[in-house]
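Let me begin by presenting the structure, written as structure tokens, before commenting on it.
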Amino acid sequence: MENVLRPVLVVGGSVMITLVIGWATDLLLRKADERHHETPLWGLLRRARVPYQLVLCAALLRGSYDQVNVVANHHAGIGRSLTLTLIGSAAWLVIRIASAIVETSYSRYASARAHRDPARVRRVRTQVELIMRVVSAVVIVVAAASMLLTFPAMRAAGASLLASAGILGIVAGVAAQSTLSNMFAGLQIAFGDMVRIGDTVVVNGEWGTVEEITLTFLTVRTWDERRITMPVSYFTANPFENWSRGTPQMTGTVFWHLDHRAPLEAMREKLRDILRQCPAWDGRAFNLYVTDTTPSTIQVRALVTAKDSDDIWTVRVAVREEMIRWLCEEHPYALPRVNTADAARPPRQRDGGHDLDVVRDGAARPSLDKSHSFGASGRGRG
């Protein structure tokens with residue numbers, strides 16, 4: 001009877017103690033979260049209740065399992081399984097606690113400076129996410145190494161592994177050269193403030209917003225909701241446009257190809273009216289100039305400003321559409337056209353009382369006008 005009651009009491013007691021302690025801890029965290037609304041730390045720590053209870057239960061069972069004389073043939077295996085469970089759940093708990101602390105620190109910083117310095121907030125967010133990935137990777141590696149060391153065979157192989165660490169390091173460095181370069185490039189991006197999550201960038205002719213940055217790759221979400229995934233080493237080795245670095249204010253241009261008779265002064269007045277009715281224009285500056293000319297058209301450029309990349313796009317399309325509509329309705333002659341009329345005759349010159357046609361090579365020849373011909377003059381006098 002004792003052989004049956006003892007394992008039931010040990011296992012059942014461990015589970016009951018785990019549930020009671022877990023419930024009490026969760027209750028305390030809930031009350032702390034209700035009292036302190038200014039910080040999300042206590043609410044975030046509640047996410048760790050599952051690994052917390054696993055750690056408690058595994059620790060209690062591992063400490064009291066030696067008192068249970070059940071399945072003696074598998075005593076070592078069951079004990080090692082409980083140890084592995086304890087190590088894995090402890091690593092899970094550490095990652096959850098670290099995530100809660102880091103996320104709380106970032107939320108406080110973001111709420112304090114979101115309106116004053118949004119670029120700085122995006123930079124800190126990028127750094128925080130990369131730091132959490134590094135911490136998670138370190139904890140997982142340490143936990144995996146601790147699990148392997150619980151096996152006697154791994155301990156025996158440790159000496160040989162340490163002895164060949166130099167050769168293995170060289171081999172691993174050559175084999176994982178691109179991976180390591182991407183990892184160092186990710187750290188350089190995070191702490192060098194080259195690009196941040198939320199920045200508007202142009203990469204390989206594609207315009208989009210940085211959506212995710214990891215230690216090895218970076219994801220850009222384009223305007224048509226595509227995702228471009230690129231290695232982070234690309235951004236440290238190639239030029240790219242970052243429209244959000246520094247101040248988010250932007251200047252945009254709109255071009256038209258028009259007839260030479262286009263009413264430029266009227267277009268400047270119309271541009272002013274269009275911008276005054278466009279909420280996306282920030283009111284900083286605008287102008288309109290002729291920037292180029294061809295035998296058939298002129299190139300007119302309008303310069304407009306906005307507070308960020310999204311608004312500059314809105315301003316540009318509004319100005320382009322409204323100006324074309326106004327020209328079609330009010331000044332249709334200003335639109336470009338193909339000239340299909342006959343060529344004008346060259347000008348005439350006077351030479352000794354006779355009209356001379358100017359020809360291409362610069363020479364002059366008498367005009368064939370009958371009113372000045374000798375034959376017509378003779379008949380008129382006769």
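Once both labels are positioned 7 Å from their Cα atoms along Cα-to-Cβ, the gap between residue 78 and residue 36 label points is 4.2 nm. Summing charges over all other residues whose Cβ lies under 11 Å from the Cβ of residue 221, with Lys and Arg as +1 and Asp and Glu as -1, gives -3. Applied to segment 201-215, the Karplus parametrisation 6.51 cos²θ - 1.76 cosθ + 1.60 on θ = phi - 60° returns per-residue 3J(HN,Hα) values of 10, 10, 10, 6, x, 9, 9, x, 10, 5, 9, 8, 10, 10, 6 Hz, with x for Gly and Pro. Ordered by the count of other Cβ atoms within 10 Å of each Cβ, fewest first, 26, 273 give 273, 26. Close amide H partners of residue 243, meaning residues 5 or more places away or on another chain with modelled amide H under 5 Å apart, are 200, 201, 202.
Karplus-based coupling profile of segment 251-267, in residue order and whole Hz: 10, x, 10, 10, 10, 9, 10, 10, 6, 5, 8, 4, x, 5, 5, 5, 5, with θ = phi - 60° in 6.51 cos²θ - 1.76 cosθ + 1.60 and x standing for Gly or Pro.
Treat the count of other C-beta atoms within 10 Å as a stand-in for reagent exposure and order 270, 307 from fewest to most.
Working: 270 19, 307 16.
Placing the least packed residue first, the sequence is 307, 270.
Say R0 is 56 Å: what FRET efficiency, to the nearest 0.05, do residue 320 and residue 105 get from their beta-carbon distance? Calculated transfer efficiency: 0.80. The packing ranking, built from the mean of other Cβ atoms within 10 Å per residue, places the peptides 96-108, 139-151 in the order 96-108, 139-151, highest first.
When each of 42, 23 is scored by the number of other beta-carbon atoms lying within 10 Å, the sequence from fewest to most is 23, 42. The magnitude of the dipole of segment 250-334, with charges of +1 and -1 set on the Cβ of Lys/Arg and Asp/Glu and taken from the Cα centre, is near 140 debye.
Subtracting the Cα-Cα distance from 0.36 nm times the residue separation, let me have the gained length for residue 240 to residue 15 in nm, one decimal.
Result for the pair: 75.3 nm of gain on full extension.
Computed from the coordinates by the stated procedures, all read-outs in this text should not be read as laboratory data. This is a predicted model, so every value here is computed, not measured. Here the Cβ is made from the backbone with ideal geometry for all residues, glycine too, and neighbour counts use every protein chain on show.
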